Structure formats: C-alpha cells, structure tokens
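Just so it is clear, none of the values below were taken in a lab; they were calculated from the coordinates. What you see is a predicted model; the values in this text were computed from it and never measured. Quick reminder, even Gly has a Cβ in these numbers, built from the backbone with ideal geometry, and neighbours come from all protein chains shown.
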Amino acid sequence: MLISLKNITKIYHVGEIEIPALGDISLEIGKGDFVAIMGASGSGKSTLLNMLGCLDRPTSGEYLLDGEAVSGLSSDALAGVRNRKIGFVFQNFNLLPRTSALENVELPLYYSASVSGAARKEKAQALLTRLGLGERLDHHPSQLSGGQQQRVAIARALVNDPPLILADEPTGNLDSRAGVEIMNLFTSLNNDGITMVMVTHENDIAAFAKRVIHMRDGKIV
C-alpha cells in the first residue's frame with residue numbers, strides 16, 4: 001500500500017476558535033491507483049491533499065507513505081520525503097516566470113548533490129521532449145500556452161522519478177481541449193505505474209480516474 005491514513009483529524013486554531021478541517025479520515029491508496037477527490041468548496045479536499053503531500057501535519061492520527069510513518073517527522077525530514085517520493089502539479093502551474101522551460105524542470109534536481117549539471121539538463125530535456133515540448137525548451141512561461149505550461153509543470157513533478165503525483169485542480173485554468181490533453185497524459189503516466197491523486201470539481205475530469213472519493217464537511221462520504 002502506497003498511502004495509508006488512519007483516523008486522521010486536522011483542526012486549525014484561529015485565536016480561541018477551533019476550525020475542524022478533517023474529521024477521522026481513514027483511507028488506503030494502492031500503488032498504481034488513480035484517485036480523484038471531489039467535494040464542494042470547504043469540504044476538506046485540499047486539506048487532505050496537503051496532508052498526503054506532507055505539506056501539513058495531522059492534529060491526530062497516523063499517515064504511512066510507502067510504509068514510512070511520516071506524521072511525526074521533522075520539517076527537514078518531511079522536505080526530504082517530498083523531494084524523493086512526491087511530485088506536485090498545481091492549478092496555476094507555479095512556474096518561475098523569468099526561467100526557461102528547461103530550467104524550470106531542472107529545478108528539483110538542484111537539491112540532489114549526486115546529479116551533475118549535464119545529467120540534470122539531459123534528464124529535463126528528455127522529459128520535456130517526451131511531453132511534446134522538445135521545440136520549446138528555451139521558451140519562458142509567458143511564451144507558452146496554458147496547456148504547455150502545465151506540461152512543463154508535470155515534467156518538473158516527474159524529474160525526481162516519484163512514485164506519487166498529487167494534482168490540485170490541474171485543469172482548472174485550461175480550456176476543455178487542453179484539459180483533456182492533460183488528463184490523457186495523466187492516464188499514460190498512471191499506465192506506466194505512477195500513482196495519481198487529483199483534486200477536481202469537474203465530473204468529466206474525475207471520470208479519467210479509476211476511483212472517485214467524495215468529501216463533505218471534512219469527511220469521506
């Protein structure tokens with residue numbers, strides 16, 4: 001099992017007010033699965049995705065990622081887990097605007113001392129070529145369409161060979177055609193064995209997943 005959540009709760013404190021975000025969530029996601037998380041705004045789906053991505057810690061409960069208990073790890077240890085095991089894809093791409101597509105994809109590899117500059121460039125170039133951007137390596141984000149920018153972001157998410165990709169509304173800023181292209185790409189990556197977990201509010205996008213989880217009021221329904 002790649003992901004195992006046991007009785008996860010998350011409570012935020014604003015002054016003396018407690019705001020429950022996740023309530024007693026237990027969930028298992030196997031290697032090679034493709035899961036869509038759906039729910040209204042405020043249902044807890046983004047909080048759950050942040051929890052899965054080790055960007056947030058549970059108030060209580062246990063999270064095992066690839067057999068490793070990550071809930072109690074230090075911030076530095078969590079950063080290491082994220083870099084090794086998780087690729088992130090966001091709705092608004094989160095690319096560096098003054099940096100080429102190639103350099104954006106190379107970025108995560110700078111944290112790996114064992115990868116030389118030449119190997120870094122070669123790997124980023126191979127990924128961008130595989131994703132249909134071989135002619136756009138030197139283009140900056142402003143010179144790329146939304147769909148192309150998201151492909152750069154996906155290449156960046158893949159560059160460390162993570163077993164897990166987490167995507168938060170990955171088609172939210174794309175037209176329907178570009179959205180379908182991105183989802184076909186996700187399906188292809190999933191067929192290659194990468195586990196995909198995606199937050200979306202669109203039924204036609206969720207239909208690409210193998211399994212759909214619905215959330216309401218911080219719980220899986």
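Charged side chains reduced to their Cβ positions (Lys and Arg at +1, Asp and Glu at -1) give the chain a dipole of some 300 debye around its Cα centre. Under the combined filter of DSSP loop state and at most 14 neighbouring Cβ atoms within 10 Å, region 84-134 retains these trypsin sites (Lys or Arg not before Pro): Arg98.
Backbone N atoms of region 15-37 closer than 16 Å to the 7 Å Cα→Cβ label point of His214 belong to residues 36-37. Over the Cα atoms of region 1-54, the radius of gyration divided by the Kirkwood radius equals 1.01; this is the Rg/Rh ratio. Nearest 5 percent is fine: what portion of the DSSP beta bridges confined to the chain is antiparallel? Taking every DSSP beta bridge within the chain, about 50 percent pair in antiparallel fashion.
For a straight C-alpha distance cut-off of 20 angstrom, the lysines reachable from Lys10 (same-chain residues fewer than eight places away being disregarded) are Lys45, Lys219.
Stretching Asn184 away from Ser75 to a fully extended chain increases their span by 35.8 nm, per 0.36 nm per residue minus the current alpha-carbon distance. Taking Cβ atoms as reference points and 15 Å as the exclusive limit, the residues near Ala118 contribute a net charge of 0, counting Lys and Arg as +1 and Asp and Glu as -1. Computed from the C-beta positions of Thr59 and Ile17 and an R0 of 22 Å, the FRET efficiency is 0.90 to the nearest 0.05.
For region 3-220, the direction-averaged projected area of the alpha-carbon convex hull comes to 12.4 nm². Straight-line reach only, C-alpha to C-alpha below 16 angstrom: list the aspartates and glutamates that Lys121 could link to, leaving out same-chain residues fewer than 8 apart. In chain and number order, the partners are Glu103, Glu106, Glu135, Asp138, Asp161. For Ser176, the shell of other residues with beta-carbons less than 12 Å away shows a net charge of -3, using +1 for Lys and Arg and -1 for Asp and Glu. Computed over neighbours whose Cβ is under 11 Å from that of Gly61, the net charge equals +1, Lys and Arg +1, Asp and Glu -1. Given Ser46, Ile17, Ser74, which one lies farthest toward the positive end of the charge dipole of region 1-80, if we put +1 on the Cβ of every Lys and Arg and -1 on the Cβ of every Asp and Glu? Of the candidates, Ser46 comes out farthest on the positive side. In percent, rounded to a whole number, the relative contact order of the chain is 31, using alpha-carbon pairs under 8 Å and six or more apart.
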